[in-house]
Amino acid sequence: MCLGIPGRITAIVDEQAMLAEVDVSGVRRQVDVLCVAEQGQPLASLVGAWVLVHVGFAMSRIDEAEALQTLRVLASMDELAGELDAMRTSAQA
Amino acid sequence: MRFVKEFRDPHLAEALLARINHVAERIGHRRARPVTVMEVCGGHTHTIFRYGLDRRLPANIEFAHGPGCPVCVLPKGRIEDAIALAHRPDVIFTTFGDAMRVPGGRGSLLQARAAGADVRMVYSPLDALALARANPERQVVFFALGFETTAPSTALTILRAGAENIGNFSIMCQHITIIPTLRALLAQPDFTVDGFIGPGHVSMVIGTDPYAFIARDFRRPLVVAGFEPLDILHSLLMVLRQIEAGEARVENQYARVVAAQGNKAAIAAIERVYEVRAECEWRGLGQIAGSGLQLRAEWAGFDAEKRFAMQPHHLADLEQCRCGDVLTGRIKPPQCQSFGRACAPDHPAGALMVSSEGACAAYYEYHGVGEAA
Ligand code: SF4
């Protein structure tokens, strides 16, 4: 119940009731999207978004830019990758 | 699944472990005892054991497995309350699967079901509400469990039930909050944890500000973490770097999901539906002031405790069960004399042995009983 599952919003089921269909690894289920809806935006703008689903509720959008940023930080810690980069750039020089 | 594989990359895990080793060596020279970092959340405990991260740490760095597993801190008396309700002939009792096997005083909800009670597992409170719509002649009770991660979903379900005027739906509210408990732990004089890996999905709702007191008043670093192995190692490294530098700050490693301000809609739902309970009991830890939620008077019609005039049970923890000492990081699971003997996953004595997010169950599954001796 505490571990969210990432899924992708595929369709809006009921605009009024804030229900959307989410595809979680091939399993489709209705989820409540009130917590990820943006004020003043039609719900349709959520279609295609990746969200984290907890007990039938989309609780957070997964921020792609932030994910990539964290992965960049992690990659920079990879000393081997750093060495390889250095080798590559020095060969070009 | 998005960003799952990337955060399990074994090559990057090795790179992180190498950095952790470096920092640990530098810190090691200055300290007599190991650095203890508490992962607050049971989901993190699970990741740590599943990927064997605890076995890869240098000798002077230890994880302590914290109280952030709602199933593990379910008091026996509440299970008895739930079972008493479930045995009413007019009631369909619904619960997340995790709570089914938690032992009360005389058995679990699963055993109550075998004995004839109508207990049903649901994935979502919305499924419990759907059962209420489909069975207007029965009373559907939902066992509302969890921290701030799941409190909004129950709140939004109550709002829906209110809007549709569904009269045969109610909840047994066991929602709890982590901040008062962290404060209570930190105030204990023998609490030796040096830093925290903060709960990712609680923080997704409440944001990172509520932890500020941990850094400010108790001078401990806290890093909010994601749930993949690289997230945990990365966060551990961030905590250790702060300790090395003599700093204490709140950092967010899980920015892909957690915003500093949390989720406004979820917080609004919590505030609209619940108020703070004066006292709330935690298994192993006892009563902690202000750590539980209950329905506001306005929503009392959906409160199963009121609807069925429940008489709450209070049952003490068994003396030979050291769940509280495990939850506060004082001992490791095998140091409890019940571990692997009177308490094992197929006959749990304590709730930490029930959920795969409980430290004792995880220890048993991934380390075995061999190390109990
Ligand atoms: S082994 Fe069982 S009784 Fe002992 S601390 Fe763990 S869950 Fe509690």
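The values are calculated or read from the model by the stated rules, or taken from the named source; none is laboratory data. The model shown is predicted, which means the values in this text are computed figures rather than measured ones. Methodologically, a virtual Cβ is constructed for each residue, glycine included, from the backbone with ideal geometry; neighbour enumeration extends over all protein chains shown.
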Within region B:92-121, residues under 18 Å from the mean Cα position of the chain (by Cα) and of a type in the set (D, E, K, R) come out as B:ASP98, B:ARG101
How many residues does region B:346-361 contain that are without any contact (Cβ under 8 Å) to a residue 60 or more places away in the chain and within 22 Å of B:ARG55 (Cα to Cα)? 3
Which ones in region A:43-67 are touching a residue at least 12 places away in the same chain (Cβ under 8 Å) and assigned to a loop (DSSP other than H, G, I, E, B)? A:VAL47, A:GLY48, A:ALA49, A:VAL55, A:GLY56, A:ILE62
Which numbered condition trips up B:GLY162, out of (1) in contact (Cβ under 8 Å) with a residue 60 or more places away in the chain; (2) over 22 Å from B:ALA266 (Cα atoms); (3) surrounded by fewer than 17 Cβ atoms within 10 Å (Cβ to Cβ)? (2)
Can you pull out the residues in region B:163-194 that are among the aliphatic types (A, V, I, L, M) and within 16 Å of B:VAL37 (Cα to Cα)? B:LEU182, B:LEU185, B:LEU186, B:VAL193
Specify which of the listed residues (B:GLU305, B:GLU357) is more than 22 Å from the chain's Cα centre (by Cα), more than 8 Å from the ligand (Cβ to nearest atom) and either closer than 26 Å to B:VAL141 by Cα or among the hydroxyl-bearing types (Ser, Thr, Tyr) (or both). B:GLU305
Determine which single condition B:ALA349 fails, assuming it passes every other condition in (1) in contact with a strand residue (DSSP E or B) (Cβ under 6 Å, 6 or more places away or on another chain); (2) away from the ligand (no atom under 16 Å from the Cβ); (3) at pLDDT below 90. (2)
Would you list the helices (runs of 4 or more DSSP H) that sit entirely within region B:42-147 and hold 2 or more residues that are free of Cβ contacts under 8 Å to residues at least 40 places away in the same chain? B:76-86, B:109-114, B:125-134
Can B:SER235 be described as polar (S, T, N, Q), assigned by TED's automatic domain parsing to the domain that holds B:GLU62, farther than 28 Å from B:ALA278 by Cβ and part of a helix (DSSP H, G or I)? yes
Condition check: over 30 Å from B:PHE191 (Cβ atoms) and of a type in the set (Gly, Ala, Ser). Does B:ALA112 satisfy that? yes
How about region B:314-336: which of its residues are of a type in the set (Asp, Glu) and near the ligand (Cβ under 8 Å from one of its atoms)? B:ASP325
Would you confirm whether or not region B:237-247 contains a residue that is more than 16 Å from the ligand (Cβ to nearest atom), more than 14 Å from chain A (Cβ to nearest Cβ) and surrounded by 23 or more Cβ atoms within 10 Å (Cβ to Cβ)? yes
Leading residue by the ranking (farthest from B:THR328 (Cα to Cα)) among those in region B:29-47 that are within 14 Å of chain A (Cβ to nearest Cβ) and of a type in the set (Val, Ile, Thr): B:THR47
Tell me whether region B:257-268 contains one or more residues that are buried (at least 23 other Cβ atoms within 10 Å of the Cβ) and in a helix (DSSP H, G or I). yes
Keeping to region A:1-31, report how many residues are in contact with a Phe, Trp or Tyr (Cβ under 7 Å, 6 or more places away or on another chain) and more than 11 Å from every other protein chain (Cβ to nearest Cβ). 0
